[in-house]
1. Beyond 18 Å, how much of the Cα-Cα pair distribution for the stretch 1-75 remains, as a whole percent?
2. Along the three principal axes, how long is the stretch 36-80 when you take its alpha carbons, biggest first, rounded to the nearest angstrom?
3. List the residues, sorted by chain then number, that are 5 or more residues from Phe49 or on another chain and whose placed amide H is less than 5 Å from its amide H.
4. At a 1.4 Å probe radius, carbon and sulfur cover how many percent of the accessible area of the chain?
5. Quick one: Karplus J couplings for the stretch 36-51, per residue in order, coefficients 6.51, -1.76, 1.60, θ = phi - 60°, nearest Hz, x for Gly and Pro?
6. Residues of the stretch 13-80: accessible area per residue at 1.4 Å, in Å²?
7. Can you show me the helix-derived [θ] at 222 nm for the chain, built from DSSP H runs with n ≥ 4 at -39,500 (n - 2.57) apiece and divided by the number of residues, rounded to the nearest 500.
8. Let me spell out the model: positive unit charges on the Cβ of Lys and Arg, negative unit charges on the Cβ of Asp and Glu, origin at the Cα centre of the chain. What dipole size does that give, in debye rounded to 20?
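The values are calculated or read from the model by the stated rules, or taken from the named source; none is laboratory data. Note that the coordinates shown come from a computational prediction; the quantities given were computed from them, not determined experimentally. Don't worry about glycine lacking a Cβ; one is built from the backbone with ideal geometry, like all the others, and counts go over all protein chains shown. Note: areas computed on protein heavy atoms with side chains; ligands, DNA, RNA excluded. Shrake-Rupley method; radii C 1.70, N 1.55, O 1.52, S 1.80 Å.
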Amino acid sequence: MISDTDLLAQCDRLFIGLEAPTAPRIQAGGHPCQGVYTTPTGRRPKTAFIATHYNVDFSEHYIAPYLAAHGYGFLGWNTR
């Protein structure tokens with residue numbers, strides 16, 4: 001069985017942070033909307049999944065490397 005660490009080594013991960021018109025960056029510097037986009041290394045998937053929750057941070061969701069290993073993109077998104 002492949003470990004999570006082995007799967008993550010086969011992925012590219014990109015931090016994405018966006019300001020919102022009604023919510024500026026917080027004092028610690030975080031964006032009101034931010035997440036991590038995970039893809040297979042060196043590939044641009046045609047299909048991606050987005051996971052978000054109103055009060056849970058999904059930016060580093062455990063399923064990301066598994067979907068990337070199957071050729072999908074995965075954006076774990078945090079909206080708080």
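1. Values: 1199 of 2775 pairs.
Here the long-distance tail beyond 18 Å is 43 percent of all Cα pairs in the stretch 1-75.
2. Sorted from largest, the Cα extents of the stretch 36-80 read 31, 17, 12 Å.
3. HN-HN under 5 Å from Phe49: Gly73, Phe74, Leu75.
4. Numbers: 3180 of 5620 Å².
Ligands and nucleic acids excluded, carbon and sulfur give 57 percent.
5. 10, 9, 10, 9, x, 4, x, 10, 10, x, 7, 10, 9, 10, 10, 10
6. On the way: 4650 Å² over 68 residues.
On a per-residue basis, 68 Å².
7. Numbers: 2 runs with 12 residues, N = 80.
Helices in the chain give a 222 nm mean residue ellipticity of -3500 deg cm²/dmol.
8. Details: 6 positive and 6 negative charges, 54 e Å.
Value, rounded to 20: 260 debye.
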